[in-house]
Amino acid sequence: MTKFQIETTGITQDDFAEMVAEKVERALAHYDEAINKPTMVSVGKIAGSIASAVTLLSPKHQRAIDAIHADLPGLAAKFVRALAAEAARRSEAGVAGADSLPSVPIANAETPPPLPQSDDLESMLIEDWAGRVAGSTYLEENLHIARSTLHRWQRRNDVVALRKGGRKHVFPLAQFVDGRPVAGLSEVQAQIGNPRLAWLWLTRPAIQLDGRIPIDLLRADQVEEVVEAARGAAAG
């Protein structure tokens, strides 16, 4: 079912996600007795949210997903590990309920939490905390970003480049819109310094932004607000 079909049938995205979630829960209850009820509910919600999000993709991106069916199990495993790591982080911080999906951190805290040390991130798989990343070959073939252009952006800190292994860098895909990095990345990196810490802050709900996610705001061209929040996060 595509976004157009959802709209023409009068089903909202939320209703569609809920419908998928209920079907997944029933399937799990029927075929896998080892999964407890709260987990079934969470898995159903995850499946429903993903299905709903896929319907919002452009036809081009939907075709791209169709072309990677063989890789979906591995990609799904990476996504679930990243989700579990984020849920554990929030649970340890006391911001997620025991029987719910990760929730938005409390926005009225008096002081923002300190950024973690970069050494903590070095010990984790990049995909587990940074989301989907890609190298220069993927960006050139799929986003049509020339290597020379990418290197120029990297020198200017116009993109977030994360070191992986020795000298290799990968680039989080969420920072690109229409084949270009969103505005404001260089300013945020200038405030926070370390690119890993900068990207971690950009992709987590920020107390300085009332629980909103900075990279989402940059994608909506709200650059000044995000840069000011980054300045506050660095100072804190």
Checklist entry - Tally time: how many residues in the stretch 162-191 are more than 17 Å from LEU218 (Cα to Cα) and either open to solvent by 20 Å² or more (accessible area, probe 1.4 Å) or touching a Phe, Trp or Tyr at 6+ places or on another chain (Cβ under 8 Å) (or both)? => result 8
Checklist entry - Can we say ALA230 is open to solvent by less than 10 Å² (accessible area, probe 1.4 Å), more than 19 Å from ARG156 (Cα to Cα) and among the hydrophobic types (A, V, I, L, M, F, W, C)? => result no
Checklist entry - Out of the stretch 196-207, which residues are in contact with a Phe, Trp or Tyr (Cβ under 9 Å, 6 or more places away or on another chain) and either over 13 Å from ILE126 (Cβ atoms) or open to solvent by 10 Å² or more (accessible area, probe 1.4 Å) (or both)? => result ARG196, LEU200, THR203
Item to check | Qualifying residues in the stretch 208-223 (those that are in a helix (DSSP H, G or I) and without any contact (Cβ under 8 Å) to a residue 24 or more places away in the chain) - the one most open to solvent (accessible area, probe 1.4 Å) | outcome: ASP216
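Of the residues that sit in the stretch 151-207 and are in a strand (DSSP E or B) and aliphatic (A, V, I, L, M), which one is modelled with the lowest pLDDT?
ALA206
The values are calculated or read from the model by the stated rules, or taken from the named source; none is laboratory data. In this text the structure is predicted, and so the values were computed from the model without any measurement. Cβ sites come from the backbone with ideal geometry, for glycine too, and all protein chains shown count toward neighbours. Each accessible area value is taken on the protein alone, full model and side chains, heavy atoms only, with ligands, DNA and RNA left out. Shrake-Rupley method; radii C 1.70, N 1.55, O 1.52, S 1.80 Å.
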